[in-house]
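To start, the structure under review is shown below, and the notes come after it.
The values are calculated or read from the model by the stated rules, or taken from the named source; none is laboratory data. Since the model is a prediction, treat every value here as computed from it, not as a measurement. For neighbour counting, all protein chains shown are included, and Cβ atoms are generated from backbone atoms with ideal geometry for every residue, glycine included. These accessible areas exclude ligands, DNA and RNA; they are computed on the full protein's heavy atoms, side chains included. Shrake-Rupley method; radii C 1.70, N 1.55, O 1.52, S 1.80 Å.
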Amino acid sequence: MSPTSGCEHEDGDEDGDEDEDEDEDGDRGTETGDGSKRPSLVATAARASIPHQKNPANARVARLRGLARGLLIRPGMKNSREFLAAGLGGVVATAVDMTALVLLVGHHVAVPVATFVAALAGAGISFVFNKYVAFRDRSPISLAQLLRFDVVVVVGALLMAVAMRFVAVQLHVPIVLAKLMCAAIVFAIWTYPTQKRLVFARTIAAS
């Protein structure tokens, strides 16, 4: 074998090694000027071929939003008279509620406890006003209706207690202003929608 052919064989081996190095570089990606690695076409294609997976947390949030939209009745509203009358009943009940709250806090009752008790005190006024004025329910008062109303009131009172603890205690908003703010929010997102759909729903459907 001639020296020339041996050199050619060695050159062929070196070319093969260079090809293997290029393949490895293609898998790893190319190096940019600042030393960072730019992903290779193979890696990019592999990532693109992975199907998009939905985040379970996002799906749960979407379901909760749908539930909230179904429950909340915007005051655009199917019946503005009904909403305004329920709001007026809420104002009257809130006046009773606030009077009880101020008296209880004045006697050194803790703000969350005083808020809960005061909210229950306004519940009777709220039920009578909403039943006979806002929703025009002339049916006899039933135990089932009272129980549904009680559930709405108790949950609303708990929401008020939590909201007042945050607004009045932590943010140091004056108690009367905090009460007005929290009452308006709880009425819009909880009290009116649930009374409309849960407490007086059968009467409204019948009418």
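What to note about this one:
- Qualifying position, being modelled with pLDDT under 90, in a loop (DSSP other than H, G, I, E, B) and in contact with a helix residue (DSSP H, G or I) (Cβ under 6 Å, 6 or more places away or on another chain), among D137, D97: D137
- In region 122-166, the residues that are among the small types (G, A, S), surrounded by fewer than 17 Cβ atoms within 10 Å (Cβ to Cβ) and under 20 Å from D97 (Cβ atoms): G124
- Flag if A134 is of a type in the set (A, V, I, L, M, F, W, C) and farther than 21 Å from I175 by Cα: yes
- Some residue of region 194-202 being in a helix (DSSP H, G or I), open to solvent by less than 30 Å² (accessible area, probe 1.4 Å) and under 20 Å from V113 (Cβ atoms): no
- Answer residue from region 90-113, given it is of a type in the set (V, I, T) and more than 23 Å from F129 (Cβ to Cβ) and is most open to solvent (accessible area, probe 1.4 Å) among those: V113
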